[in-house]
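Trainee: My structure is below; once you've seen it, I'll send some questions.
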Amino acid sequence: MVLIAGAGPSGSYLAYLLAKEGFNVRVLEEHFTIGKPVQCTGVVTEAINDVLKLDSSIIVNKIKKVKVYFNRDSVEVDIGKGDYILDRCKFDRYLGEMAESAGAEILFKHRLNSATIENEKVKCNTNKGVIEDEILVGADGPYSRVGNSFNMLNGRKYKTAIQYRVKGNFEDEVYKIYLGYGEFGWVVPENKNSARVGIVGEGNLNLIFKKLLKVIKINKILENQTGMIPLFNFNTPLSYKNVYLIGDAAGLVKGSTHGGIVYGLNAGKILAKVIKEGGNYDKEVKKKIGKELWISLKIRQMMSYFKDGDYEYLMRLFKQEKVLELMQKYNRDFPSKFLVKLLLTEPRFLKFLKLMAI
């Protein structure tokens, strides 16, 4: 009854939710295994616990602090309960196994090339032949072939993320962010000896990335995990008749940090309920997580106008004890709950609101 293109976190989690409710679910996975290639930092906040219980074997590390650098200045933030660093291969495979155990069928080496709707059924052209079903879900990444088949991507824009797993010497409980390298650069430690290092931005970032590597002083590159990140667009449709998009295929990615795992899983819960009970998927997504996505995107747009003086002023404001204490209490996956409190605590942040309105 339901055909899902893509066995990443969003697709596999949706398959699990539907299969356990008795739906006949098939998942098309173009690779011979789940979890490869990795194109993600694997950082999730504690908000994932509201959606899914993580198996301890999936968690590589737990981060207790975020340290932000700009030029020679820095500010360190205690992030309360901390962030999880996931082994993305194990995480994806764990969700795939959940889906299979609930009764979903995963068809490996099946690549969806295009799709049409005929006689109210979805007809999918794959490398293995034509597959028909009643409902089609695109969980097939930023360049979703499902979305393209039905003109749903609506001029989507993308950012480039260059990331490498590297060897070196790292603070294993500190997630480091480097402003001034593309949009920003990062060091996400797996342990004291290995980390995921990257930058995100537009255009050719290779020279900028090399400059960041000199600052970080790595010993050895282990793996290239470079990929593209979709930008959320409120005007992009998430559904068309009996076709739906979730996860990166739907552009459900935070504009501020470019993470999307928690939003993708939440969209899976929303879509599973819509398929089971009926309703308007687009409206439900925008109602439940759309505001957070919009605010996150506006924060990123605001920071794209920053000059050095703006970064320096921002760092000074965030160094205040009252601001640091506030940041411990709120989860950054839900900025709407945090921004009002932030402005009330420190009204000088209002200086940046005019940039969010551009």
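Trainee: Exactly one condition in (1) assigned to a helix (DSSP H, G or I); (2) without any contact (Cβ under 8 Å) to a residue 24 or more places away in the chain is not met by E132; state its number.
Mentor: Among (1) assigned to a helix (DSSP H, G or I); (2) without any contact (Cβ under 8 Å) to a residue 24 or more places away in the chain, E132 violates only (1).
Trainee: Which residues, taken from segment 68-112, are among the acidic types (D, E), more than 30 Å from N24 (Cβ to Cβ) and touching a residue at least 60 places away in the same chain (Cβ under 8 Å)?
Mentor: Passing the criteria: D73, E76, D78, D83.
Trainee: From the residues in segment 171-191 that are assigned to a loop (DSSP other than H, G, I, E, B) and farther than 14 Å from K64 by Cα, which one is farthest from the chain's Cα centre (by Cα)?
Mentor: Of the residues in segment 171-191, the ones assigned to a loop (DSSP other than H, G, I, E, B) are 171-173, 180-183, 190-191.
With the extra rule that they be farther than 14 Å from K64 by Cα, the set shrinks to 180-183.
Numbers: G180: 22, Y181: 20, G182: 18, E183: 16 Å.
Among those that are assigned to a loop (DSSP other than H, G, I, E, B) and farther than 14 Å from K64 by Cα, it is G180.
Trainee: Could you check segment 32-68 and list, in sequence order, the residues that are in contact with a strand residue (DSSP E or B) (Cβ under 6 Å, 6 or more places away or on another chain) and in a helix (DSSP H, G or I)? So that I can check it myself, show each step before the final result.
Mentor: Taking segment 32-68 first, the residues in contact with a strand residue (DSSP E or B) (Cβ under 6 Å, 6 or more places away or on another chain) are 32, 39, 41-46, 58-68.
Within segment 32-68, E46, I58 meet the criteria.
Trainee: Residues that are small (G, A, S), under 30 Å from K81 (Cα atoms), touching a Gly at 6+ places or on another chain (Cβ under 8 Å) and buried (at least 20 other Cβ atoms within 10 Å of the Cβ): does segment 200-218 have at least one?
Mentor: Within segment 200-218, the first condition is being small (G, A, S), and the residues that meet it are 201, 203.
Okay, now just the ones that are also under 30 Å from K81 (Cα atoms), so 201.
Adding the requirement that they be touching a Gly at 6+ places or on another chain (Cβ under 8 Å) leaves 201.
Right, trim to buried (at least 20 other Cβ atoms within 10 Å of the Cβ) and you get none.
Looking through segment 200-218, none of the residues is small (G, A, S), under 30 Å from K81 (Cα atoms), touching a Gly at 6+ places or on another chain (Cβ under 8 Å) and buried (at least 20 other Cβ atoms within 10 Å of the Cβ).
Trainee: Would you confirm whether or not segment 217-228 contains a residue that is assigned to a loop (DSSP other than H, G, I, E, B), outside the structural domain of Y143 (by TED's automatic domain parsing) and at pLDDT 95 or above?
Mentor: No, segment 217-228 contains no residue that is assigned to a loop (DSSP other than H, G, I, E, B), outside the structural domain of Y143 (by TED's automatic domain parsing) and at pLDDT 95 or above.
Trainee: Against the definition (within 25 Å of N233 (Cβ to Cβ), out of contact with any His (no Cβ under 6 Å at 6 or more places or on another chain), crowded, with 16+ Cβ neighbours inside 10 Å and at pLDDT 95 or above), how does V197 come out, yes or no?
Mentor: no
Trainee: Now for a different question. For segment 105-126, give me each residue that is in a strand (DSSP E or B) and either more than 27 Å from the chain's Cα centre (by Cα) or hydroxyl-bearing (S, T, Y) (or both).
Mentor: S114, T116, I117, E118, K121, V122, K123, N125, T126
Trainee: Something else now. In segment 165-183, which residues are among the aromatic types (F, W, Y), at pLDDT 95 or above and in contact with a Gly (Cβ under 9 Å, 6 or more places away or on another chain)?
Mentor: Y178
Trainee: Considering each residue of segment 321-353, count those that are closer than 17 Å to Y311 by Cα and β-branched (V, I, T), and give that number.
Mentor: Of the residues in segment 321-353, 1 are closer than 17 Å to Y311 by Cα and β-branched (V, I, T).
Trainee: Considering only segment 33-54, I want to know if a residue exists there that is under 19 Å from R145 (Cα atoms) and of a type in the set (A, V, I, L, M, F, W, C).
Mentor: So far as segment 33-54 goes, yes, one or more of its residues are under 19 Å from R145 (Cα atoms) and of a type in the set (A, V, I, L, M, F, W, C).
Trainee: While we're looking at this one, here's another question. Identify, please: which residue in segment 264-314 is small (G, A, S) and in a helix (DSSP H, G or I) and is, among those, farthest from Y240 (Cα to Cα)?
Mentor: Top of the filtered list is G309.
The values are calculated or read from the model by the stated rules, or taken from the named source; none is laboratory data. Quick caveat, the model's predicted, so the values are computed rather than measured. Counting neighbours? That spans all protein chains shown, and the Cβs are built from the backbone with ideal geometry, glycine included.
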